[in-house]
Each structure stands twice: as C-alpha cells, then as structure tokens.
Amino acid sequence: GAAVPADQKQGWGQFLKSIATFSGDLSSMTAPSFILSPVSLVEFPAYWGEHPSQFAEIAKGKDEVERMVLVLKWFIGTLKGQFTARNTSMGSEKKPLNPILGELFLGKWGDKDGRGDTTLVAEQVSHHPPITAYHIENAKAGVTLEGHCAQKTSFSGRAINVKQVGHAMMRVKTASMANEELYLITLPNLVIEGLWYGSPYVELTGTSYIQSTSGLLTTLTYTGKGYFSGKSHSFKASIGAGGSSLYNIEGEWAGVSKYKGKSLSGGKDDVFWDANTPREEIHVDDVDSQGDMESRKVWKTVANGIRTGDYDTASRDKARIENEQRNKRKDEAANGTPHQLEHFVHVDDDQEYRQLAAKFGGKPANEDAYRRKPRVH
Ligand code: 0T9
C-alpha cells in the first residue's frame, strides 16, 4: 500500500512479524519511524474531557433517568476523539510514546457560559505494564471522573486485539441531590485493523456498560463494517431499569446517532449525538514553564525530532530518557526508596467497584483502582 514509505517496507514487515511472535506489552517495542506519534499515552485521558459542556450538563438532569441519558451522551461524545483523532490529525493510528513512571499530564478546559472550569490530572502510575490514572473534575457542576487504563494485546494474524483493562467511575452530586450518584463505566475492546497496508485504525467491538447506583444500567454493543449494520464505527445502546428498556439509541459513534423510538424530549427518532460537534482542546502550560515530570517537557526533544523527521535526534534522546529511568529504578532499589505516586493512591480492592459489580452481576467481581489523593485547600 501507499501508506508505508518505500524505504520502510522491510522494517514494517519485520515489525508485524515481531508483533505476531510477541505477547504482552506492545508499547515497549521499537517501530519504524513513519508510524511513531510524538504524543505520549499519558495525554490520552484528555479525550474524556473534550466536550466540557456535555460533562457539566450531566448535573442538570432532573432525575436519575435524565442523568443516565446525559452520561451516555457525554460518553458517546468522547469516542470519536479517543479512537479516530490520530487518523484525523496524522493520517493513521500511530504508536504513542511510552510514558515514563510518574509522567504527568496536567491541564484544563476553561469556563464558558458559566459551566465552570474542568481540570485534568493524569499520571503514569506504572511503567511495566503501562498504566495511566486520571482525574477529571468540574467542581462547580459537581461532576468528577476518575479511572485508570491499561491494555492487554494479542495478534490475530490480521489485526491487533486490545482488551482495555481498568474502569472509570463518574461521581455526580448537586445541591438538589440527596446522595452522590456513581456511574461505573467499563471500556470496550478494540481491534487495530489496516496493519498490512501500514495505515492502522481502530474499530470497537463487544460490549461495555454504564452501571449506576440508581439501579439504571446502560448496555452498549459495538460493531464495524460487514457486521449487521454494515457500517463502521457503529453502536447500539439501551438504557434500562430492572430488565425493561427506557431508551434505545443507535448509530455511528464517529457520526450521527439517533434515538430509536421515544427520546428524552418526548419526540421520536430524534438525533441523540452528532459527532461533528467540535472537540475543545485542553489548555496546557507552555513547555518551558512545565515541571520536569510533565509529559511535553519530558519528551520535548523526542517529539520535536519525530515532528521534523529528525529521527536520529529523536531516538538518541529516547535512549537517554530510558537510560536515566533504568538508573533511577536501580538507585531506588538499592536505597530502599521505591517510587512514590504523586497524585494517586493505589487501592487493591475498590469497594465502590465491588458494590456496583455485585448489583449488576458484573465481571470481574473486584478490581483495583487509583484514587486521587486528598488535596489540602
Ligand atoms: C486509552 C485509547 C487507548 C488508551 C490506546 C492500543 C493503543 C494504546 C492504547 C486504548 C484511551 O482512552 C483510548 C485509544 C487508542 C489506543 C491505542 C491504539 C494503538 O495502536 C495503541 C497500541 C499500543 C499501538 O501503538 C500498536 C502499534 C502500532 C503500530 C499501531 C498503530
């Protein structure tokens, strides 16, 4: 295919072969330069916040049913960014930079029309395997999202199958609500296709859930081209209570989706979400005023090399960073001073996850979590 530069065809073939025989952590593999992204995986949690108005709006739902519909709308609204943004900005899915332990991505979406500020704190809480923890908050609205993400990958011969490990928990609490509502959000599986042509893209598969302490459950199923819908990037969602469905939505998560039948406003077959709604980019400090662990500061030289085609400089600085990291870990082991997380605390058995999983028969029954450390005001 035309996507692989002539001088990298051999390297790309070798890379695919090594994926086939390699099990586990793809992020640590060396890939041909044409497929490298200058962006670290620690930045990815920002996709959850790129529709800050929809995030804040969740709190405006007048009851638990409206709030669940709004949580689903916000969730669907994030998918186009999460899974097609690299294709749009760089022509294909690309291999992100593998974050170092403790790497940070900090930023915010400013207030607009009184919706309040939305802040993001993301931290690489494990390097091997790679795990990113994140916390997104709109304090004014009373909406918080906290979660972590890791991936388990396998190769099918044609595509890379990615199982997302981890979950997200959304908290909603407004003055008019007696209790905080929790929404346990599980994550869909991915298939990375288009590998043989050197132009990878993501398709979503399987099922994911949004499970609320209110008793409401949303079930999402994802399909691609050639499946029953015939269209890529498709989904169906059903919001239900105790086995009966209240609202059904279907369509394309990177395009338009509609209610099937009754909609929240009382209409019929109304548009649910139009993914052409512009995403709002997060605001991040200038690299030069960032702290030493902040992602764009850490990777400044590498990212610049990748962007300008100076791959020698990029790989030299990447080797320097990796070397420094190895020495750091050695020193920590020798001194008995293990790395400390800056913004998160690891919990082995997340009680909130356990309760919600039990309520809905969710699997697994328990999971670990990373919780934002209490802040001193
Ligand atoms: C959480 C998201 C995740 C991270 C990425 C699989 C992947 C790393 C994880 C799951 C976000 O909320 C959503 C979107 C895209 C996912 C990435 C797509 C991808 O290809 C990478 C993997 C590790 C690779 O880089 C595979 C090798 C590469 C040659 C394919 C482009």
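The values are calculated or read from the model by the stated rules, or taken from the named source; none is laboratory data. Note that the structure is predicted; figures quoted are calculated from it, not measured. Positions of Cβ are generated from backbone atoms using ideal geometry, with glycine treated the same way; all protein chains shown enter the neighbour counts. For accessibility, only protein heavy atoms count, side chains too; no ligands or nucleic acids. Shrake-Rupley method; radii C 1.70, N 1.55, O 1.52, S 1.80 Å.
Odds and ends about this structure:
- Relative frequency of Cα-Cα separations exceeding 39 Å in the chain, percent: 17 percent
- q = 0.12, 0.15 Å⁻¹, the range 25-115: log10 I(q)/I(0) [Debye, one scatterer per Cα]: -0.51, -0.73
- Which of 202, 256 is most accessible, then next, and so on - probe 1.4 Å: 256, 202
- Rounded to the nearest 20, the size of the Cβ-charge dipole of the range 51-176 about its Cα centre is 400 debye, with Lys and Arg at +1 and Asp and Glu at -1.
- Residue-level accessible surface for residue 264, protein heavy atoms, 1.4 Å, Å²: 60 Å²
- Note on the range 126-164 and the range 334-359: Cα centroid distance 15 Å, given to the nearest whole angstrom.
- Couplings for the range 9-16, taken from phi via the Karplus curve 6.51 cos²θ - 1.76 cosθ + 1.60 with θ = phi - 60°, read 4, 5, x, 5, x, 5, 4, 5 Hz in order; Gly and Pro are left as x.
- Of 318, 225, 297, the residue with the greatest mean-square motion in the GNM of the chain, using alpha carbon springs below 10 Å, is 225.
- Dipole check for the range 158-274: with +1 at the C-beta of Lys and Arg, -1 at the C-beta of Asp and Glu, and the Cα centre as origin, the magnitude is about 160 Debye.
- Under the Karplus curve 6.51 cos²θ - 1.76 cosθ + 1.60, θ = phi - 60°, whole-Hz ³J(HN,Hα) for the range 193-201, x wherever Gly or Pro sits: 10, x, 5, 5, 8, x, 10, x, 8
- Protection proxy ranking, highest mean first, for peptides 66-73, 158-165, 105-112, 122-129: 66-73, 122-129, 105-112, 158-165, where packing is the per-residue count of other beta-carbon atoms within 10 Å, averaged.
- Protection proxy ranking for 58-64, 287-293, 144-150, using the average of other Cβ atoms within 10 Å per residue and placing the highest first: 144-150, 58-64, 287-293.
- Which listed pairs, of 60/80; 94/363; 108/173; 80/163; 258/373, have C-alpha distances above 29 Å, in listed order: 94/363; 258/373
- Percentage, to the nearest whole number, of Cα pairs in the range 274-347 over 19 Å apart: 59 percent
- Rounded, prolate or oblate (a/c below 1.5 giving rounded, otherwise prolate when a/b exceeds b/c) for the range 91-131 by Cα gyration tensor: oblate
- Comparing 52, 127, 15 along the charge dipole axis of the chain, the residue lying farthest to the positive side is 15, per the Cβ-charge model.
- A straight chain from residue 207 to residue 128 at 0.36 nm per residue would run longer than the Cα-Cα distance by 25.7 nm.
- Estimated distance in nm for a label pair at residue 8 and residue 287, the labels positioned 7 Å out from Cα along Cα-to-Cβ: 2.0 nm
- Net charge dipole, the chain: roughly 840 debye, given to the nearest 20, about the Cα centre with Cβ charges of +1 for Lys and Arg and -1 for Asp and Glu.
- The phi torsions of the range 278-284, fed into the Karplus equation with coefficients 6.51, -1.76 and 1.60 and a -60° offset, translate into couplings of x, 7, 9, 6, 5, 8, 10 Hz, rounded to whole numbers, with Gly and Pro shown as x.
- Carbon + sulfur, % of accessible area of the chain - ligands and nucleic acids excluded, 1.4 Å: 51 percent
- Full extension of the segment from residue 179 to residue 322, taken as 0.36 nm per residue of separation minus the current Cα-Cα distance, would add 46.8 nm.
- Taking all protein chains into account, the per residue accessible area for the chain stands at 48 Å² (1.4 Å probe).
- Of the two radii for the range 5-49, the radius of gyration is 1.07 times the Kirkwood radius, both from the alpha carbons; that is the Rg over Rh value.
- Relative contact order of the chain, defined on C-alpha pairs under 8 angstrom at six or more residues apart (%): 14 percent
- Cα gyration tensor shape for the range 230-289, rounded if a/c is under 1.5, else prolate or oblate: prolate
- Largest to smallest accessible area among 350, 7 [probe 1.4 Å]: 7, 350
- The range 234-377: Cα Rg divided by the 2.2 N^0.38 Å rule of thumb: 1.63
- Per-residue extension of 0.36 nm, minus the Cα-Cα distance of residue 265 and residue 373, leaves a gain of 34.9 nm for this segment.
- Kirkwood-based shape ratio for the range 1-77, expressed as Rg/Rh from alpha carbons: 1.26
- The range 85-185: C-alpha gyration tensor shape, a/c 1.5 cut-off, then a/b vs b/c: prolate
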